[in-house]
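J.: I have a structure here, written as structure tokens, and I will follow up with some questions on it.
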Amino acid sequence: MSGTLLIAPAWLGLSGLWTLDAKGRRKAIDAEDLDLSEDLADRLEGWMDAFDAIYEEEQEARSRFPSEAEQRAWEAEGTVIARDIAAELGPDWTVSTDLTGWQEMTKP
């Protein structure tokens, strides 16, 4: 298996993993579909749980981390997870991240 993988958080129930087709269209994918190790899949799930915890369903525009430091720490962990996913998947995969795009969706 090979392809292009994007790690970009999305609210509730999504893994934050997306495959991209030749036109750049996203398709949600689960860690199990990529055959990631259990440890790495668990880290990804915990990272996404932290993201889901800030979601305010009634007012999406208020969905924010409690502090800038917490957001930076979450983004740093996402970068490490992306690096580790790339290492597990190997050279046939291109792995990139979009760790701030969700903020555009929640602007008031």
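J.: Quick one: is Ser63 of a type in the set (S, T, N, Q) and either under 15 Å from the mean Cα position of the chain (by Cα) or surrounded by fewer than 16 Cβ atoms within 10 Å (Cβ to Cβ) (or both)?
T.: Here the answer is no, as Ser63 does not meet what is asked.
So that you can scan it fast, the table gives a plain yes or no per residue for (1) over 14 Å from the mean Cα position of the chain (by Cα); (2) acidic (Asp, Glu); (3) surrounded by 11 or more Cβ atoms within 10 Å (Cβ to Cβ):
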position: Ala22; (1), (2), (3): yes, no, no
position: Leu40; (1), (2), (3): no, no, yes
position: Ile54; (1), (2), (3): yes, no, yes
position: Glu58; (1), (2), (3): yes, yes, no
position: Ser67; (1), (2), (3): yes, no, no
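J.: May I pose another question? Of all residues being in contact with a strand residue (DSSP E or B) (Cβ under 9 Å, 6 or more places away or on another chain) and surrounded by fewer than 16 Cβ atoms within 10 Å (Cβ to Cβ) in region 76-86, which is farthest from Thr4 (Cα to Cα)? Just the residue, please.
T.: Ranking the candidates gives Thr79 first.
J.: Give all pairs with beta carbons closer than 8 Å in which a residue from region 58-71 that is within 16 Å of Thr100 (Cβ to Cβ) and modelled with pLDDT of 80 or more meets a residue that is among the acidic types (Asp, Glu) and loosely packed, with under 13 Cβ neighbours inside 10 Å; count only pairs at least 6 apart in sequence or on separate chains.
T.: Ser63/Glu56
J.: Taking only pairs six or more apart or across chains, which ones have beta-carbon atoms under 6 Å, a first residue in region 26-38 that is at pLDDT below 95, and a second residue that is part of a strand (DSSP E or B) and of a type outside the set (A, V, I, L, M, F, W, C)?
T.: Taking only residues 6 or more apart or on different chains, the pairs are Lys27/Thr19; Ile29/Thr19.
J.: While we're looking at this one, here's another question. Please determine whether any residue of region 3-12 is part of a helix (DSSP H, G or I) and buried (at least 18 other Cβ atoms within 10 Å of the Cβ).
T.: So far as region 3-12 goes, no, none of its residues is part of a helix (DSSP H, G or I) and buried (at least 18 other Cβ atoms within 10 Å of the Cβ).
J.: When you scan region 73-87, do you find a residue that is more than 19 Å from Leu14 (Cβ to Cβ), of a type in the set (D, E, K, R) and over 16 Å from the mean Cα position of the chain (by Cα), even just one?
T.: No.
The values are calculated or read from the model by the stated rules, or taken from the named source; none is laboratory data. The structure displayed is predicted, hence computed values, not measured ones. Virtual Cβ from ideal backbone geometry, glycine too; neighbours counted across all protein chains shown.
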